[in-house]
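See below for the structure under consideration.
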């Protein structure tokens with residue numbers, strides 16, 4: 001796809017192209033890092049993707065990649081490629097806030113497993129990017145450090161909770177990024193910014209060093225502008241980790257091979273199920289039209305497209321907003337004003353419990369407090385059976401719906417989000433409207449399944465302004481992440497790379 | 001389901017160690033009422049014979065050899081603490097005078 005005025009701008013390259021140029025000696029990793037740091041300086045005032053830019057760390061990492069190459073040592077497939085890292089992933093020696101005042105200034109004493117894996121692969125971490133506080137939200141408006149903006153329309157959200165990750169990649173501040181997905185926090189931001197984003201099978205990527213939100217749902221995963229870039233990053237971070245007892249001790253699905261295969265656009269023999277319940281009322285016509293056009297492309301490429309019914313998906317939102325807050329209320333008990341982070345009101349007279357309450361009151365934002373209280377309520381005796389217990393049963397029913405659908409289908413598809421990117425401020429005072437952003441993305445994590453969002457073109461924005469990206473979601477059985485990538489790559493081959501059409505933004509070449 | 005009262009929100013906040021303000025109590029009471037009303041739908045479908053799922057992937061207990069390895073350096077850990085003294089976390093008073 002032609003890119004206007006891209007010239008030899010290193011920030012316009014894919015991760016795959018960048019790694020090849022570094023490996024061949026066309027450019028140095030330091031030049032690539034500097035080009036992206038310049039780009040951050042030029043546009044991040046508008047986009048506000050980054051909370052912390054680690055210029056020294058990025059250059060040092062790039063230099064070590066250049067040294068390795070000079071010494072003739074083998075380079076990993078993403079060596080020297082810059083990356084934006086969600087601020088929920090801990091980084092030794094580099095501030096990690098999880099988007100919260102309660103952790104402002106916290107310098108982790110260790111690296112997350114995925115941080116270590118990326119460092120070992122020579123991936124250049126440019127810095128830490130914005131997110132809704134503790135990954136609770138769908139717009140980044142719950143960040144204690146201000147919202148990020150969608151490069152396609154700066155008055156709109158880049159999605160959430162991994163909205164700093166999506167904004168950074170869509171604004172060409174980094175070619176790839178890491179996010180985390182609990183109820184859709186990778187796929188929804190990828191969809192509304194024209195990117196590819198994948199939530200791996202639960203247990204496929206280590207959670208060691210992720211600041212926990214909802215432990216039975218949280219998974220880290222990759223963002224990219226292309227399916228292949230996304231798959232390459234997936235392979236770097238995936239795999240068994242003895243430090244995470246929920247990590248699966250099985251081979252990593254062959255996602256890179258699947259992305260290459262899918263790019264040939266041959267889907268003969270594949271059955272695709274369109275989930276009936278993920279559409280209709282509440283879905284924008286432009287979103288549904290773009291997805292229908294993508295389904296037609298799948299058929300043209302040889303896939304059989306059928307409608308399937310998953311009758312309990314309509315209950316996913318209710319189950320999720322009980323299970324996730326319940327686990328969060330327990331996980332966030334660790335912020336006790338003792339071992340790390342903020343302490344408020346310690347005047348030598350007040351006792352520990354009062355200091356703890358004052359600290360949590362001052363350090364947590366409104367959405368985090370709401371969810372802690374919802375979780376506390378749902379887990380309290382007398383209400384447990386009616387709320388948390390019932391939600392766990394719904395989880396079983398959703399898994400059964402998936403199992404039934406996968407008896408006849410290889411993958412399931414739906415829009416990733418019911419609407420295109422909404423305006424900042426539009427849903428911030430209405431928690432239920434904000435939660436509705438995740439309608440389509442909630443079933444997969446409740447069942448532990450992999451799911452990807454891939455661009456399906458543009459649709460009109462309600463309220464005017466430029467046309468905005470639409471995401472197509474592809475869900476697969478556990479550990480069949482490669483199927484997600486194969487179908488996504490076929491969609492990309494048919495429709496083109498959408499991110500290249502994003503506005504260049506002020507300061508761009 | 002019963003509406004959530006201001007007093008119930010205050011009770012939840014105490015349980016969760018959140019020193020919420022009076023204004024917050026008003027806002028949260030309204031919002032929690034709407035949210036809990038919406039999520040109560042889970043009661044419509046989940047029958048008695050459906051087993052609960054706490055975790056989507058079947059897991060067994062994971063054991064590893066008990067090997068002695070260095071842990072994170074104490075200095076590094078205490079650097080991140082709100083207050084430290086004599087190589088330990090310094091905490092506010094835990095017992096009240098009556099205790």
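For region A:352-420, the direction-averaged projected area of the alpha-carbon convex hull comes to 8.2 nm².
Take each residue of peptide B:80-93, count the partner chain Cβ atoms within 10 Å of its Cβ, and average: the result is 5.
Scaled against the 2.2 N^0.38 Å expected of a compact globular protein of N residues, the Cα radius of gyration of region A:234-349 reads 1.70. Calculated [222 nm] ellipticity per residue, helices only, for chain B: -11000 deg cm²/dmol; basis is -39500 (n - 2.57) per DSSP H run with n ≥ 4, divided by all residues, nearest 500. Taking the number of Cβ atoms within 10 Å of each Cβ as an exposure proxy, the fewest-first ranking of A:393, A:304, A:297 is A:304, A:297, A:393.
What's the exposure ranking of A:485, A:295, A:388, going from fewest to most Cβ atoms within 10 Å?
Lowest to highest Cβ neighbour count: A:295, A:388, A:485.
The label-point distance for residue A:71 and residue A:59, in a model that sets each label 7 Å from Cα toward Cβ, rounds to 2.2 nm. Think of it as helices only: each DSSP H run of n ≥ 4 in chain A is worth -39500 (n - 2.57), and spread over all residues that comes to -11500 deg cm²/dmol at 222 nm.
A straight chain from residue A:307 to residue A:292 at 0.36 nm per residue would run longer than the Cα-Cα distance by 4.2 nm. Take each residue of peptide A:387-400, count the partner chain Cβ atoms within 10 Å of its Cβ, and average: the result is 6. Expressed as a whole percent, the proportion of Cα-Cα pairs in region A:142-201 lying more than 17 Å apart is 28%.
Centre-to-centre, using Cα atoms only, region A:360-392 and region B:25-99 are separated by 12 Å. Dividing the Cα radius of gyration of region A:73-114 by 2.2 N^0.38 Å, with N the residue count, gives 1.43.
Across q = 0.21, 0.22 Å⁻¹, region B:20-78 modelled as identical point scatterers on its alpha-carbon atoms has Debye log10 I(q)/I(0) values of -0.95, -1.00, in the order of the q list. Any idea what diffusion coefficient region A:78-163 gets from Stokes-Einstein, in µm²/s, Kirkwood Rh on alpha carbon pairs, 25 °C, 0.890 mPa s? Value of D from the Cα-based Kirkwood radius: 184 µm²/s. Enclosing the Cα atoms of the protein assembly as shown in their convex hull gives a volume equal to 164 cubic angstrom per residue.
With 13 Å as the cut-off, how large is the P(r) tail for region A:440-482, expressed as percent of Cα-Cα pairs? Here the long-distance tail beyond 13 Å is 60 percent of all Cα pairs in region A:440-482. Shielding value for A:350-356 is 5, the average number of Cβ atoms from other chains within 10 Å of each residue's Cβ. Summarising the label geometry, the points placed 7 Å from Cα in the beta-carbon direction at residue A:381 and residue A:101 lie 3.5 nm from one another. Hydrodynamic estimate: the Kirkwood radius of chain B over Cα pairs, inserted into Stokes-Einstein at 20 °C and 1.002 mPa s, corresponds to D of 109 µm²/s. The C-alpha radius of gyration of region A:1-82, expressed as a fraction of 2.2 N^0.38 Å, stands at 1.14. Within chain A, antiparallel bridges make up roughly 65 percent of the DSSP beta bridges whose residues both belong there.
Each of A:373, A:434 was scored by other Cβ atoms within 10 Å of its Cβ. Listed from fewest to most, they are A:434, A:373. Across all Cα atoms of region A:211-302, the radius of gyration (one decimal) and Dmax (whole number) stand at 17.3, 47 Å.
Mean silhouette area of region A:1-158, derived from the convex hull of its C-alpha atoms and averaged over all directions, reads 10.0 nm².
Hydrodynamic estimate: the Kirkwood radius of region A:403-450 over Cα pairs, inserted into Stokes-Einstein at 4 °C and 1.567 mPa s, corresponds to D of 101 µm²/s.
Annotation for region A:194-225 versus region A:117-133: alpha-carbon center distance of 13 Å. Based on alpha-carbon centroids, what's the gap between region A:34-109 and region A:140-174 in Å, whole number please? Spelled out, the Cα-based centre of one part sits 17 Å from the other. Projected onto their three principal axes, the Cα atoms of region A:426-509 cover extents of 42, 38, 23 Å, largest first.
Each label point was placed 7 Å from the Cα along the Cα-to-Cβ direction; for residue A:460 and residue A:362 their separation is 5.1 nm.
Would you kindly give the portion of the calculated P(r) for region A:129-175 that falls above 16 Å, as a percent of all Cα pairs? Taking all Cα-Cα pairs of region A:129-175, the fraction more than 16 Å apart is 24 percent.
Computed from the coordinates by the stated procedures, all read-outs in this text should not be read as laboratory data. The shown structure was predicted, so the numbers you read here are calculated from the model rather than taken from an experiment. Heads up, the Cβs are rebuilt from the backbone with ideal geometry, glycines too, and the neighbour counts pull from every protein chain shown.
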